[in-house]
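Below: the structure, in structure tokens.
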Amino acid sequence: MTRYLLPLGIFLLLAAVLAVGLKLNPREVPSPFIDKPAPALDLPQLFDGGARVTGASLKGKVWILNVWASWCLECRREHGLLNDFSRRSNVTLVGLNYKDADADARNWLAELGNPYSVIAVDREGDTGIEWGVYGVPETFVIDKEGMVRYKHIGPVDALVMRDTIEPLVARLESGS
Amino acid sequence: MMRAALWALILVPSLALAAIESREFDDPLTEARYHDLIDKLRCLVCQNQNLADSNAELARDLRDKTYEMITAGKSDEEITDFMVARYGEFVLYEPPFNIHTMLLWLAPALLAGIGAAVFYSLVRRRRDTAAPDVDAADMEKARSLLGNRDA
């Protein structure tokens, strides 16, 4: 009897390990920024030639940084959700226009709507590197102290928005 | 015509390799360091390629960054620390030994140990059971049969 139990046990163990492995997403690289101070942000704005977007000016607020580009197809998929979110919520949604052409970015927003409170332009992608961006779109949630509390890689879907981002933002806002 | 087509076939793959930018270095040592670094850093977009092999835009940006830092006199360690601070330890093709990667590093030795233990116990069991009782007459008969055949 035990002769058969051992191979069966090994099989079950292997099946369990592989099943867990299937569920993992290898593209999801844990961000080293979680619960650490957000990297610097100091960039020109898309819609206001002179003024700059800086991390310092956002201190004391809960804000969301959404990295997007007009060439990014997946960004199109999450854009409706961001539009909805900006209508429902008064959280500052900062757009980081990543390695894009200004004209393309403006056309894109004219077509799909602009959910952003303010848009920073990172034409060379240097700020993207500072923030460890590797797959547009990416979404960061930053608390009042300027700490990164959450990062989502790839398009935000309705579930992530409802179950993760919105509750987190509400919690951070109510906290002192 | 045929010959031209063959040449084209030979040359086309080498174009793919030429995607790596030409860079200028002050000395061969710096150049070697640069190539060593981009070999060891992973491209986050195509995760099974290093920075040196990848044609992804981010890989190119990170190669630029590496080059920029190396020519600014930064050490290898400063550059890898810069990458790890932004992209996590995942950018390192050779993960450092720590609590999370312990299993990864120790698994080969562990598995070899288990294999050796299984092998040892099998050999021992076989040796213990390999001496069946044969009475002297049978033994003598067997020996004479074998001897006859040899002769």
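Taken together, the values in this text are just the output of simple stated rules run on the coordinates, not laboratory data. Keep in mind it's a predicted model, so treat the numbers as computed, not measured. Methodologically, a virtual Cβ is constructed for each residue, glycine included, from the backbone with ideal geometry; neighbour enumeration extends over all protein chains shown.
Considering only lysines 8 or more places apart in sequence, or on different chains, count the pairs in the stretch A:33-174 whose C-alpha atoms sit under 15 Å apart. Spell out each step's value before the answer.
Values: A:Lys36/A:Lys59; A:Lys36/A:Lys144; A:Lys36/A:Lys151; A:Lys59/A:Lys144; A:Lys61/A:Lys144.
Qualifying lysine pairs in the stretch A:33-174: 5.
Expected output is a single nm value to one decimal: the length gained when fully extending between A:Phe47 and A:Asp102, i.e. 0.36 nm times separation in residues minus the C-alpha distance. What is it? Can you show the working numbers first?
Values: separation 55, 0.36 × 55 = 19.80 nm, distance 0.92 nm.
Difference between extended and current length: 18.9 nm.
Given points 7 Å out from each Cα along the Cα-Cβ axis, report the A:Lys23 to A:Ala170 separation in nanometres with one decimal.
2.6 nm
If R₀ is 22 angstrom, what is the calculated FRET efficiency for the pair A:Asp157 and A:Leu12, using the beta carbon separation as r and rounding to 0.05?
Numbers: r = 33 Å, r/R0 = 1.52.
My answer for the efficiency is 0.10.
If you take the C-alpha gyration tensor of the stretch B:19-91, multiply each eigenvalue by 5 and take the square root, what semi-axes do you get, largest first, in whole Å? Write down the numbers at each step before the final one.
Numbers: eigenvalues 68, 43, 18 Å².
Taking √(5λ) for each Cα gyration eigenvalue gives 18, 15, 9 Å.
If you take the square roots of the eigenvalues of the alpha-carbon gyration tensor of the stretch B:75-151 and sort them as a ≥ b ≥ c, do you get rounded (a/c under 1.5), prolate (a/b over b/c) or oblate? If you can, show how the numbers build up before the last one.
Working: a/c = 10.02, a/b = 4.39, b/c = 2.28.
Prolate, because a/c is 1.5 or more and a/b exceeds b/c.
Of B:Leu103, B:Met139, B:Ala116, which is farthest along the charge dipole of the stretch B:102-150 in the positive direction, counting Lys and Arg as +1 and Asp and Glu as -1 at C-beta?
Of the candidates, B:Leu103 comes out farthest on the positive side.
Mean shadow of the protein assembly as shown, computed from the convex hull of its alpha carbons, in nm²? Walk me through the intermediate numbers first.
Values: hull surface 141.2 nm².
Result: a mean projected hull area of 35.3 nm².
Please give the residues of the stretch A:113-144, grouped as numeric ranges, whose backbone N is less than 20 Å from a label point set 7 Å along the Cα-to-Cβ vector of B:Asn98.
Under 20 Å, as judged by backbone N against the label point of B:Asn98, lie A:130-134 of the stretch A:113-144.
Within straight cross-link reach of B:Lys74, meaning Cα distance under 19 Å, which lysines are found once same-chain residues fewer than 8 apart are removed?
Candidates past the 8-residue exclusion: B:Lys40, B:Lys65.
Multiplying the sequence separation of B:Val45 and B:Ala8 by 0.36 nm and subtracting their Cα-Cα distance, what value in nm do you get? Before the final figure, lay out the partial values.
Working: separation 37, 0.36 × 37 = 13.32 nm, distance 3.05 nm.
Contour length minus Cα-Cα distance gives 10.3 nm.
For chain A, what value does the Rg/Rh ratio take when both radii are computed over Cα atoms and Rh is the Kirkwood radius, given to two decimals?
On the way: Rg = 20.0 Å, Rh = 17.7 Å.
That ratio is 1.13, to two decimals.
Go ahead and collect, in residue order, the members of the stretch B:92-117 whose backbone nitrogen is under 16 Å from a label point 7 Å along the Cα-Cβ direction of B:Glu77.
B:96-97
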